[in-house]
Structures are given as C-alpha cells and as structure tokens.
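The values are calculated or read from the model by the stated rules, or taken from the named source; none is laboratory data. All values reported here derive from a predicted model rather than from experimental measurement. Please note: Cβ atoms are built from the backbone with ideal geometry, for glycine as well, and neighbour counts cover all protein chains shown. What goes into the accessible areas is simple: the full protein's heavy atoms, side chains included, and nothing from ligands, DNA or RNA. Shrake-Rupley method; radii C 1.70, N 1.55, O 1.52, S 1.80 Å.
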Amino acid sequence: MELVLSAAIGVLSGSGIWLILRPRTFQVITGLCLLSYAVNIFIFAMGRLTVGKPPIMPKGGFVNTANYADPLPQALVLTAIVISFATTALFLVVMIASKGLTGTDHVDGSEPTK
Amino acid sequence: MIEQNLILILVLLPFLGAILAATLPVNAHNAAAWVSGLSLGAGLLLLAVLYPRIAEDEVVRGVVRWLPILSLNLNFRMDGFAWLFTGLVLSIGVLVVIYARYYLSKTDPVPRFYSFLMAFTGAMIGMLLSGNILMLVVFWELTSILSFLLIGYWHQSQAARDGARMALIVTAGGGVALTVAMIVLGQIVGGYDLDLVLRSGEIIRAHPLYPVVLGLFLLGAFTKSAQFPFHFWLPGAMAAPTPVSAYLHSATMVKMGVFLLIRFQPALGGTELWFYTVTGTGVITLTVGAMIALFRHDLKGLLAYSTISHLGLITALAGMSSTGAIVAAIFHICNHAVFKASLFMAAGIIDHETGTRDLRRLSGLMKAMPITGALAIVASAAMAGVPLLNGFLSKEMFFAEAVGWHNGTWLDSALPWIATFASIFSVAYSLRFIMQVFFGPEATDLPKAPHEPPPWMRRPVEFLVLTCLAVGILPALTLEPVLNIAGRSVLGPDLPEIHIAIWHGFNTPLIMSIIAMTAGIVLYFAFARRIDAGPEGPPILWRIRAQKIYEWLLLRLSWAWPRFLHKLFGTERLQPQLRLMMLIGLVAAMIAVWGGLTVAEKPLTNDLSPAFAIMWLVGGACAIGAAWQAKYHRFAALVLLGGAGLVTCVTFAWFSAPDLAVTQLVVEIVTTVLLLLGLRWLPKRREEIPGDELLSARIRRLRDLGIATVGGLGLAGLAYVVMTRPLVPNIGDWFLRNAYYEGGGTNTVNVILVDFRAFDTFGEITVLAIVGLTVYALLRRFRPGAESIALPEQQQGDTADRLGNYMLVPATIMRWMFPVTLVIAAYLFFRGHDLPGGGFSAGVTVAIGLLLQYIAANVRWIEARIVILPIRWMGFGLLIAAATGIGAWLFGYPFLTAHARYVDVPLVGKVPMATAMAFDLGVFLAVVGATVLLLIAIAHQSLRSARLRELEEEKTPEKSAQKEAV
C-alpha cells in the first residue's frame, strides 16, 4: 500500500510540477490542482496509513488512541482542501480576466516574441 | 515597590499625554499645551521624589516581566546619570511646550504636534531609563520615527519633507547598525541586561569581535549625534518648527548619541581604538562644524552647525575616557542644552516677529526688541565660552583635559591646538550672530515690523538664560552635587569629589581661552563683510557638500542600482520565476534530507490490496494524461483531472478519513464545474501554436520534464520513507482523548476544526470570503475577448434545438434534485459534530444544488429565481462565527472557547448542541455565500457577452447603411 501511494504522490506531483512550468494558463491551473492533490495526500500520509479506523470516538469511556487514525493530519488536510479550492477559483478568474484583457492565454500576458 | 511604580509611571506619562493630546480638537491650543505641560511637569515631580534615593548613589529599578525566555523584560533602571538626563529632557520639554503654545499659528493642527512631541519625550525617557539593551534599541528607533514625524510637521513644505526623510534615513540607518551591535554585545556577555554589559568591559574588549561591535555601535551613536560625516541631516532638519528644533537639537535627539557613548564607555571604552575613532571624529566634527557655522547666512543654520560643533566637543571628551573628561562631557551636555535651547527659541522669536532668518537682512534689532536681544546676547556669550557663564566652565574643563590628560599619541599632543583653533571659530560665529542681528543700522526692508513677542513666549528663554548665569556664577550651589552623582554612576563609586570653580588661577586653559577669544573677535571683524558676500561655507570647502554626496548615493542606492540589477537578473516572465522556485525548493529539500533519508530496517506496511493498486494505476494515468493534454485538449484534460481527483477522494475514504473524502468529493464537483465554465473564455486551440515544434521548445520541455521527474521522485521517496516508520506520538492523541470530554463531539476531525483549532477555521473562512469578493470585483469589469463573444456553435441553429431535447430529461431530474440536495446538506451539517460532515461540506453541497440548476436551466432563468444574496450570507456567516467566539468572553473564557451539551428534541431524540454548532453555522453560511458568489460571478459572464453581441449586431447594420449612402 505504502509503495503504491508514494508512487501515486510521485506521479501526481511530477505531472503537477511539469504543468506549472508550462506557458499556457490552463496548463498551470491543471498543474496546480494536481500538485494540491499530491501535497494533500502527502500531508495526510504523514499520519501513516490506517485502514478502517476513522477517528470517530465512542461517547465516553477510555480511549485507546492506537485504535484510531491520527486526526491531526486530517484536520490539516481539510483546511488545505478548502484553501486550494479558494486559490484555484481565484486563479481561474484571474485566468479569464487576463485572457479578456490581453487577448492571449500565455502566462506572461503576451505571446512570446521570437 | 513604590519607586518601581514611580519609574514605570515616569515612562508612561508622556505616552499618556500623547494619547490624550491626540484626541483633542484640532484648534485646542490651550488644552493641548496644558495636557502636555502638566504631564511633563508631573514627570519632574516624580524625579524630585526619587532624588533622595539617587543622591545616595542607589539605582532605582522597575521591572515588568514580558518575554523572560528571550531575556527581554520591560526593565527600567535609573541611576544618577539617567536622572540628570531625564531631568534635562523634562524641564526643557516643559519650556518648549510653553514656547510652542505661542509659536504655532492658529491654523496649525495642534493635537498632532503635541502628541508627537509627547510621544517623542516618552521614547526619549524610555531610552534613557532602559535597563535592557534590546529595549534601549527599540526606544532608540522609536525616537527616530517620531523625530521624522516632528521634523516633517509642516508636511506641505518640500524642505520639511526632505529634511525629515534625510533625518530618518541617516538616524534609523545608524539604528540598524546599533541593533546589530547590541545583539552581538548581548551574545558576547551572555545577556542583554545593561548592568551585566557594563560590568563585562574586560570580556568585551578582549573579544575578537570587539572592533566589529565598536564600529557598529559608533555608527549608531555618530549618526544620531550628527558627527562628521553624518552631520548633514541636522541642518536639513531645521525645516522643522522652531520648538521642535529647540527640543531635538538641544536636550534630546542629538544628545542620545553622546549619552550612549558615555553610558557604554565603561564597557567599550578605554582602548586605543576607542580613543582614535571617538576623539578623532569628535575633534573633526568640532572643527568642521565651527568653521561652517561661521559662514551660514541662515540663523537656524548657524545654530545647527554650532550644535554639530558642540556635539563634536562632547564626543571628543567621551573618547578620552579620563574621569575628568567624562565629567566634563556630562557637564557640557547640560550646559549646551540650556544655552542652545534658549538660542533656538530666540531665533524662533526673531523669525516669528520679523519674518526672516537671513543674517544678511537682519540688523539693529536691539532697538525693537531689547529684552530678547539682551537674552540672546547672554546665551550666545555662553555659547562662545565667556567667563561667568556656564559655557565657559565646561569649555575650560575641556581645555584642561586636552592639556592635562595624556596617552602619548599624536592626536593627544595635537588636541590643545585643535581645541584652541575650533574655539576661535566658535567665538567668531557667536559674535556674528549677535553683531548682525542686534547691532548696526536698523533694518528697513524686513517682511514684518519687529517688536517684542508675547511675554510668555519669552519666559522660557528668560528662565534658560537665568540658568546659564546661575550655573556660570554659582556652579558649586547649582549643578555640582548632581554632576558628582551622575559622574559616580558612570565611573564608579570611588570617583573623587569634583569641584567646579570659576577661577583656577592664571593657567594654560585660561591662556587658551584668551587666545581663542581675541583671535575670534579679530577674525570676525576682519572678515565680516566678505563672509556676508561669500557662499555658505569656508573657502574651497564649501564646494564639498556632504548632503550632495548623500543625495547622489541615495539616488544610486534606491533607484539606479536596483533598476540596473533588476535589468541584469530580474525577469517579468512567470516561467523562469516558477522554475527558479522549483529548483530552489528541490535544492533546499535535498540539503535538508541529505544523508538522513534511509528506509527503515523493518518497514511498516499495510498489505497491498490489488484493487487499490489498480485504482491508482488509473489515477496515475489520469494525472499523466491531464499533463499531456492540457495544452491542446483542455476538455479532455479537465475530465482526466477529475479522474485523478476522484481517486484521491477514494484514497481518503480507504484510509479512515471519511471527512476528507466527503469534502474532497464536493469540492471536486464545484472545481470541475467552475473550470468548465471558465473554458468558454479561453482562446480556441485547434491549430498548433507557432514554434511549438522547434528544437528550443523541445529542449525546454525536456528540461522541465527533468525537473518534474526529480521533484516527483523526491516527494515519492520522502513519503515512502516516512510512511514506513512508526508514528511518533503527537498532539493527535490528545485530540482523540479529549474530543468528547472537552469538545462534546465524537468526530475528532470536526471537533478540531470547530473547537480546538477554531481560530484557524475562522481565518480560513475569512480567506474564502476574501476570495469570493476578489473574484466578484475582478469580474465586474470583465470584457471577454473578441473571439469569445459569438455564440458557441453548440448553441446555434439545429444543434441547439437538438441539445435542448437531449437535456430535457437530465434537466428535469436536476431541478427535482434541488430539494434533495438541500436535505443532504442539512443532514451533513447536523451530524457534523459526531459523524463525518460539517458546516463546510454542507455549505458546498448547497452550492452544488445551485450549480445543478445552472446546468439544467439557463443563466437568466436562475438569476431571476435565485434567493441567496451571497454577500449577505458571507457577512452574516463571518459575524456569527465571530460572535460565537466573542460570546466566550462573556463567561470569562478566551476567544472561541466552546461549550457542549446534548439536548432532547421531541421525536428526533438526543441532539448535540454545542456552541461549536453555532460556529459551524457561521462556517456554513460563509461557505455558501463565497461559493455561490464565485459561481454567479463566473456564470454571469455569459449574459455579459450576450449584451456585447447585441451591441455588435446593432452597430453592424448602421455601418453597412453608411457605406451604401457613400
């Protein structure tokens, strides 16, 4: 499982990095999404992988923490998902507005002169 | 204990006065002056109360613990030297306040003036009384900023703005050097306590970093005290109102540097390096200042250079570090403050009553203002060092030290000569000031008819001149006891008792004085006319202006060089910037983990599930496919991106994170639809971009592929190594144990978000609201590109009809789904505290419900029916969240402390009712508002382009009609 998931993180982040270095705005926004998946899974994986132990507590009684997944990375990633949604939305609008203003979808706002 | 509080009050009083003065109405001249004067007067009273303790050579302390870990406490200490200096600052402050009351015109906004003045006094006193060298620097910089504001008080005038900025750049620049010096000093002695530093002189002087510390320290002191070559800011600061000049350049601002020199002399002084730099700089400043002062035509300019010269004298004394020299330096600080403050005030009166400060225009004022004239004559005689006045005494002490103290260096042997030489000029400029302003024929072409000022404008000058006389004639009865206390506090308790006498017999210092006096008088009368006609500086030397050099340097540093460097290294293109960022990130990560990254001996793994592997095979393919297709096939890339997102979502569900899975799912839906809406506005991409297949483009892509591969491999390796090691026990366990007992909820992740770390969530929804508003603002003035205006072909002709028919069934379903979506949202919301769900996913679900309506119907249909006012929802959401947080205060708990209990609701059963629920409601509202706002803003653009299309169509027939007519 760990091997598969780390490979997944690698593929997602590799594709993401390659895309954010591209010249077209849509490529960059796609790259940003992929990169945020990779980073979110990475942060999540720092709490180690546990199957079938969601951090939902019984009402009262002794709590054996070994029986539950680490809630901290989950809480962090939840915030990260929200923020990456916000940045993606903002980027999207900047992308549209920039296209409307400059007439090109190049990240520099003008076609390369060569 | 009482003394401790008294000291704290002493520091706080001026700041309180500042706040009070700032709240007064703009024209409350009297009230502002009374508030300021009384708060300073109260400070003087406190000083008087403290005197008995100080007189017994005690150090009075006041400590407020602040950051004990960083050994940074509000630590105030007052010894004799600080007492004397504080007294000087306060008493001249009171006089300046009285003077300013009559000096400022009716139209000047007074609250600003007095509040700055008071705050400056507070910062000054704070600096003087700081018992911690870091805190000292804080107050030091505070005075730089406040003096900037004071000098620039008349900000309408270009000269005031320039002068203020120059003063700030020079003194605050020195302050930065001083900060570094203090930090290094603290590291050397192992603490930032002033007493500790002063005790550790030997350790400091023996330390290899001593020259560095000394250099930086002196840079701070010299810039503040306007020592050569940093003296030029002081004449520039003369654009300030005269009360400010009288205050800053007599008792306060410029004296801080010499205060620091004398204060730290036991710790840093006594070496040859100290002597050469401090005394060397001092005598250069003394001479240069005195020489230039003689040639200035501006009354305040003359006084400014004279101030520089006298500061040089004090600095020279501080560098000699004999006991006599230090006492003489302290003595001269007081004397100079007294006579220079009175002279500045007199200059202000002359300016105020005649309308000019030009020495060449002023003449024969003795007739019109005899009392002011008499006062100014006495004060400038003190400045020249005429016997029976205070300036004479400290100057004699300086001469005596120059002659009597030896350390065998050439500078030491030259000192008496330099001192006499500079004094000649000092006599000459004092004489010029008096002769040209008050004697000679009566000036006829003055802008105003001169007359005596209001009596209370003159009182401060009278008081100061009286002090000059009292100290000059009866030194033993006035300043001598305090001077001895101050001297002992700097030099140690076994300092022999010092006696200041007016008559020491006919000795070398007296001969030097007589020579200086005679030569000065001769110099003035011989050259008076030529000085008047000449430029504002000594022959030849006037061409070299430090200010010009400063301006040249500033222009280069702040404009020319940065632009040049930017041209050389900078780029406005995004790709190189991102590439650089990626590379830096890669290198930094590599450095951080280099050598430490090894796979655990017994890797902990979960058994591989084939389904999971296959799932990620698809997910990985989706990611790579998206990367591959994003340029020419955006829609395909978007679908593939969604695939990768779904796999991510399932992964969260697989590994016990149901909350994440739910959130990821709803966010995924919204993101995809928003991106779909955005696709419409991007340029058509059917043919190849020119130059895309060139070799250079291929190489570029290959290089980026390399970076991406390395980055991906690195992250994968890092993830694997960490994942296969056992989990280190962390704060997560605490959250698990306390989620129910402390937060009243069983879903730990949700409890963390809305209770334990609610403040983070509060910030997060604020960010979301900001994004919503930004998007709205950005799109308000959006103009689509010309090629996007036309209706897409899918919406034209037969295709549109056919599509409408295709969409009928899904559209009906989607419309019916709306209430169902709302129920799901409510379900997610209410179970959030105990089971996966919560305000955020519920909010996004509502937004999805609306989103479906956009897809099912058209924009016009939905905009006519929409009942959500997103901006209000957002606002109320934030308000509710904040109010929940503030509610905790009412019960005496910190912000956002939650309270939880279960309530029996008939039919439904036990329902968790935590205040966290109200907070979650705020989150929900804010999220709905922000997401819907995003959605509306983006979707609305299609209406806008429809309007544009209509406009275009209206224009076209007109044009064709015109053509036909032609």
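Over chain B, what is the relative contact order in percent, taking alpha-carbon pairs closer than 8 angstrom and at least six residues apart?
Working: 1355 pairs, mean separation 77.0, N = 966.
Relative CO of chain B lands at 8 percent.
For the residue pair residue B:702 and residue B:515, what label-to-label distance in nm results when each label sits 7 Å from Cα along the Cα-to-beta-carbon direction?
Spacing of the two 7 Å Cα→Cβ label points: 8.4 nm.
If you fit an axis through the alpha-carbon atoms of helix B:574-593 and take the longest principal axis of the Cα set of chain B, what angle between them do you get, 0 to 90°, nearest 10?
In chain B, helix B:574-593 runs at an angle near 80 degrees to the longest axis.
How many Å² of accessible area per residue for the protein assembly as shown, probe 1.4 Å?
Values: 46620 Å² over 1080 residues.
Value returned for the protein assembly as shown: 43 Å² of accessible area per residue.
In nanometres, what is the gap between the two model label sites at residue B:614 and residue B:868, each 7 Å from Cα along Cα-to-Cβ?
With each label placed 7 Å out from Cα toward Cβ, I get 3.8 nm.
Can you pull out the chymotrypsin sites (Phe, Trp or Tyr not before Pro) in segment A:39-114 that DSSP calls coil and that have at most 16 other Cβ atoms within 10 Å? Before the final figure, lay out each step's value.
Details: sites: A:42, A:44, A:62, A:68, A:85, A:91; in loops: A:62, A:68.
When the chymotrypsin sites (Phe, Trp or Tyr not before Pro) of segment A:39-114 are filtered for loop state and at most 16 Cβ neighbours within 10 Å, A:62 remain.
Which is farthest toward the positive dipole end of chain A among A:37, A:50, A:63, measuring Cα position about the Cα centre, with Cβ charges +1 (Lys, Arg) and -1 (Asp, Glu)?
Positive-most Cα among the choices belongs to A:63.
At what distance in angstrom do the alpha carbon centres of segment B:654-685 and segment B:199-266 lie from each other?
First find each Cα centre; the distance between them is then 61 Å.
Among B:410, B:337, B:365, whose Cα projects farthest towards the positive end of the dipole of segment B:302-423, with charges put on the beta-carbon of Lys, Arg (+1) and Asp, Glu (-1)?
B:365
Percent of accessible area on segment B:95-249 owned by carbon and sulfur, 1.4 Å probe? Before the final figure, lay out each step's value.
Working: 3190 of 4610 Å².
That share works out to 69 percent.
In whole angstrom, how far apart do the alpha carbon centroids of segment A:43-57 and segment B:300-345 sit?
Segment A:43-57 and segment B:300-345 have Cα centres spaced 72 Å from each other.
With a cut-off of 8 Å between alpha carbons and a minimum separation of six or more residues, what is the relative contact order of segment B:571-684 in percent? Kindly include the intermediate steps, with their values, before the conclusion.
Details: 54 pairs, mean separation 18.7, N = 114.
Contact order relative to length: 16 percent.
Rounded to the nearest percent, how much of the accessible area of segment B:571-684 (1.4 Å probe, protein heavy atoms only) is carbon and sulfur? Walk me through the numbers before you get to the answer.
Values: 4300 of 5790 Å².
Whole-percent figure for carbon plus sulfur exposure: 74.
Taking a 25 Å limit on the Cα-Cα distance, which of the listed pairs B:300/B:548; B:340/B:395; B:224/B:448; B:224/B:567; B:106/B:255; B:567/B:684 fall beyond it? Could you put the intermediate results ahead of the total?
On the way: B:300/B:548 20 Å; B:340/B:395 15 Å; B:224/B:448 36 Å; B:224/B:567 36 Å; B:106/B:255 31 Å; B:567/B:684 35 Å.
Among B:300/B:548; B:340/B:395; B:224/B:448; B:224/B:567; B:106/B:255; B:567/B:684, the Cα-Cα distance tops 25 Å for B:224/B:448; B:224/B:567; B:106/B:255; B:567/B:684.
Return the distance in nm (one decimal) between the two label points of a simple spin-label model at residue B:4 and residue B:695, each offset 7 Å from Cα along Cα→Cβ.
Between residue B:4 and residue B:695, the simple spin-label model gives 8.0 nm.
For segment B:591-630, which chymotrypsin sites (Phe, Trp or Tyr not before Pro) are in a loop by DSSP, counting at most 13 other Cβ atoms within 10 Å? Don't skip to the answer; put the middle values down first.
On the way: sites: B:594, B:612, B:616, B:628; in loops: B:594.
Counting only loop positions with at most 13 other Cβ atoms within 10 Å, the chymotrypsin sites (Phe, Trp or Tyr not before Pro) in segment B:591-630 are B:594.
Amide H neighbours of residue B:74 under 5 Å, at least 5 residues apart or on other chains, H built in the peptide plane: list them.
B:64, B:66, B:67
Counting alpha carbon pairs within less than 8 Å and at least 6 residues apart, what relative contact order, in whole percent, applies to segment B:97-198?
Details: 88 pairs, mean separation 25.7, N = 102.
This gives 25 percent for segment B:97-198.
Loop only by DSSP, 13 or fewer other Cβ within 10 Å of the Cβ. Give me the trypsin sites (Lys or Arg not before Pro) in segment B:602-695 that pass, ordered by residue number.
Filter output for segment B:602-695: B:684, B:686.
Between the alpha-carbon centers of segment B:731-792 and segment B:16-87, tell me the distance in whole angstrom.
Distance between centres, Cα-based: 48 Å.
Students often forget the sequence filter, so: which aspartates and glutamates lie under 14 Å Cα-Cα from residue B:631 once same-chain residues fewer than 8 apart are removed?
Once the sequence-local aspartates and glutamates are set aside, what remains near residue B:631 is A:105, B:687, B:688, B:692, B:693.
Give the range of the longest stretch in chain B that excludes all GluC sites (Glu not before Pro) found in loop regions by DSSP and having at most 16 other beta-carbon atoms within 10 Å. Can you show the working numbers first?
Values: sites that count: B:56, B:58, B:442, B:497, B:536, B:572, B:601, B:687, B:688, B:693.
That would be B:59-441.
To the nearest 20 debye, what charge dipole does chain B have about its Cα centre, counting +1 at the Cβ of each Lys and Arg and -1 at the Cβ of each Asp and Glu?
On the way: 68 positive and 58 negative charges, 403 e Å.
With only Lys, Arg, Asp and Glu charged at Cβ, the dipole is about 1940 debye.
Looking only at segment B:310-337, which residues have a backbone nitrogen under 14 Å from a spot 7 Å from the Cα of residue B:199 in the C-beta direction?
Nothing falls inside the zone, counting backbone N under 14 Å.
Starting from the Cα-Cα distance between residue B:940 and residue B:558, subtract it from 0.36 nm times their residue separation and give me the gain in nm to one decimal. Intermediate values should be presented prior to the final figure.
On the way: separation 382, 0.36 × 382 = 137.52 nm, distance 4.54 nm.
Full extension from residue B:940 to residue B:558 adds 133.0 nm.
Ballpark to the nearest 100 Å², how much total accessible area do B and A bury together, probe 1.4 Å? It would help to have the intermediate numbers written out before the result.
Values: alone 47260 and 8110 Å², together 46620 Å².
Buried surface at the B/A interface: approximately 8800 Å².
For segment B:571-684, with the dipole built from +1 on Lys and Arg beta-carbon atoms and -1 on Asp and Glu ones, taken about the Cα centre, which of B:582, B:613, B:660 lies farthest toward the positive end?
B:582
Looking at chain A as a GNM with Cα springs under 10 Å, which of A:57, A:95, A:46 has the largest mean-square fluctuation?
It is A:57.
Can you compute 3J(HN,Hα) from phi for each residue in segment B:549-566, using the Karplus curve 6.51 cos²θ - 1.76 cosθ + 1.60 with θ = phi - 60°, rounded to whole Hz and x for Gly and Pro?
So the J values, rounded to whole Hz, are 4, 4, 5, 4, 5, 5, 4, 5, 5, 9, 10, 5, 5, x, 5, 5, 4, 5.
What is the helix-to-structure angle for B:839-856, meaning the angle in degrees between its Cα long axis and the longest Cα principal axis of chain B, kept from 0 to 90 and rounded to the nearest 10?
Computed tilt is about 60 degrees.
Less than 12 Å apart at the alpha-carbon level, and either on another chain or at least 8 residues along: which aspartates and glutamates does that give for residue A:53?
Within the straight-line cut-off, residue A:53 pairs with A:70.
Counting Lys +1, Arg +1, Asp -1, Glu -1, what net charge surrounds residue B:402 among other residues with beta carbon under 14 Å of its beta carbon?
On the way: positive: B:395; negative: B:396, B:401, B:412.
After counting each charged neighbour, the total is -2.
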